[in-house]
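Only one structure is covered here, and it is reproduced in the block below.
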Amino acid sequence: MARRQIQVSIDRLRGHRDTPTPRAQKLPSDDRACPKCSSHYRSEEMRRNLNVCPACGHHFAVGGRERLQQLSDDGVYDELWTELRAADPLRFVDLQPYPKRVEAAEAKGASEALVCADARIGGRPCVIAVMDFAFLGGSMGSVVGEKFARACERAAERRVPFITVTASGGARMQEGVLALMQMAKTIVGFEALADAGVPSIVVLAHPTTGGVWASFSSIGDVTYAEPGALIAFSGPRVIEQTTREKLPDDFGMAERQLENGHVDAVVDRRQLAGRLARLMGILELPEAPPGSLALQLAQNGTERAARVAQALPHLSRRLRDRISRGDHPGGEGGRP
Amino acid sequence: MKPSGIGGRFRRITHRLGGAPDGDAGDIWKAIQLARHAERPYPLDYIQRLMPDFEELHGDRLRGDDHAIVAGIGRYHGQPVVVIGQQKGRDAEERVFRNFAMSGPGGYRKAMRVMALADKLGAPVITLIDTPGAFAGAEAEINGQGGAIATSMQTMMRLNVPTIAVVIGEGSSGGALALGIADRVVMLENSTYSVISPEGAAAILWRDAAKAQLAATAFKPTAANCYRWGVADAVVPEPEGGAHTDHDAAARLLDGYLSRTLRTLEAIPPGERRLQRRERFRRIGAHRELPTGGTAIVVGVDDGQSGRS
Ligand SMILES: [Zn+2]
């Protein structure tokens, strides 16, 4: 097996400073302007209003941990799997080497573009996976895929709802085809939930695009979207470039996607925790009856139970195969 | 061609694989150009050679027929087999008709409709992947391009029948992966599989569409590298000089792999096969794991060798 060593000192990384965006440079560091209505707010004031403009309701971006804090009862949650970090399987270099980009992103405080946690919302336990757009555009690489699948499997085992909040530009280009394959891995994660009969709740935040929209986030059981969130496989800019169509300003926005039939509700962030708690109350799973598949699942883990569940249809199927084989003798000369 | 000849060729190719990804820019660019060669065989070229009795099925049963994807059922080595492929056009007119093999949601819905037929009949599914990506258009978005790709992956993950996905040309982005969830994912010798087309990557990462060659090099999307990473389970040889030089020979080589692999897969009980398929995709990826607490030291990177089935 080809093994490669990567040396990363976290202490050194913590010394790095965030590169300020041009917009941030124009304003005092603790002041933010609303791009929609131009009102100015102290960042503390903004934080208390869950990063929503009190004047016009514009939804600002929320970091992964900040989102967990907003949603969890008393702001308390147990973060999972922070030890998983990006590798550089392609030894990828574009305008700068991939590990440099990761270092810079880690230096801002987040460990990856997906943070997962055990939490309670309105007293109801759940597993939450939140994407962090500030970490390399919330892009989905191997770590995001791995954490996502683990979070689904954990929710399935514990029989608690799985909640995910998305904010992502799509697959992480710097991990090449391995990033693409993480889309499939999220589907595998959802299969664990399907086996266990555990619900998935997707909250689409701005923006949810590319491979994230084309995988788990478009097939949740219940799908909420934040106001004004862009939800698309190809963003409006790409579409305008490829097809030279002029698109309406609200193309792909949550409100339009509600009309298009791709989301169940547009939910204001200030109501989100309440809505999730209420929804979990509706979806609450009954106690598993003794001896049921669900109970085995709780005892033995998802995979074992999946094996049992999948073994059941074989019996009839094998019988059918044998019959159909009899219909076509010699059709499969080399059958072992 | 004698089976032993195919086997010998296989061994030779798999032997030179292993280790770190190949970084020779020239070789990679050559593979990309071969993968997109204008004379390269497309799905219908393989289908007419592998299964002369083939019924093409049309339409998503919802609103139309997406010509970027061809689908149907044919007789293959004595049994019905479903084939779904991304079809490029041979000349300018056909390229437009096929929309350059970039399908909208209707194409994936057509694919899923035919997959359901396969499951009903117990017929294996073979997908032939060759697309620069799913179509980027307003109508495609409104009609659920994202959800169609996701649901196609989910449908393939759940199929009870044996499935093989073959990357025959360029496999780019979610548009390719939508047909790429299978028991075995294999790539022709000169095919490529990547998160995005070189042009798309150049525009996004280098902000310059002219940097396609540079982008292609960085992604290293060759069959050999994908095999190393566990993304491809096997590399199917092409005729000397590339598949475009001899469509008949290319089809024979593919036939050798497909017929042999279908026999192997059919020997596995359906439930076990589904589970293995899931585990296959559950494994793929490379990450570091920090020791918990304190300063990170060193973590090995699995170059994907363990992701092989
Ligand atoms: Zn405002």
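None of the figures in this text is laboratory data; all of them are computed from the coordinates on show. Fair warning: this is a prediction, and the values are worked out from it, not measured in the lab. Using ideal geometry, Cβ is built from the backbone for each residue, glycine included, and neighbour counts are taken over all protein chains shown.
With R₀ fixed at 30 Å, the C-beta to C-beta distance from A:Asp31 to A:Arg237 puts the FRET efficiency at about 0.55.
Please find the FRET efficiency linking A:His40 to B:Glu55, where r is the Cβ-Cβ separation and R0 is fixed at 45 Å, and quote it to the nearest 0.05. Mind dumping the intermediate values first?
Working: r = 66 Å, r/R0 = 1.48.
After rounding to 0.05, the efficiency reads 0.10.
Give me the tail of P(r) for chain B as a percent: Cα-Cα pairs with distance above 29 Å. For chain B, the fraction of Cα-Cα distances above 29 Å is 33 percent.
As a check on your grasp of the helix formula, calculate [θ] at 222 nm for chain B: sum -39500 (n - 2.57) over DSSP H runs of n ≥ 4, divide by the residue count, round to the nearest 500. The per-residue figure over chain B is -12500 deg cm²/dmol.
Between B:Arg263 and B:Phe97, the FRET efficiency from the beta-carbon distance, with R0 = 22 Å, is close to 0.05. The loop-placed GluC sites (Glu not before Pro) in segment A:208-258, going by DSSP, that have at most 14 neighbouring Cβ atoms within 10 Å of their Cβ come out as A:Glu245. Less than 5 angstrom separates the built amide H of B:Leu128 from those of B:Ile84, B:Gly85, B:Gln86, B:Val166, all sequence-distant by 5 or more or on a different chain. Simple rule: put +1 on each Lys or Arg Cβ and -1 on each Asp or Glu Cβ in chain B, find the dipole, and look at B:Leu290, B:Leu57, B:Ala35; the Cα lying farthest toward the positive end is B:Leu290. Sparsely packed loop sites in segment B:44-73 (the trypsin sites (Lys or Arg not before Pro) outside DSSP H, G, I, E and B with at most 14 other Cβ atoms within 10 Å) comprise B:Arg61, B:Arg63.
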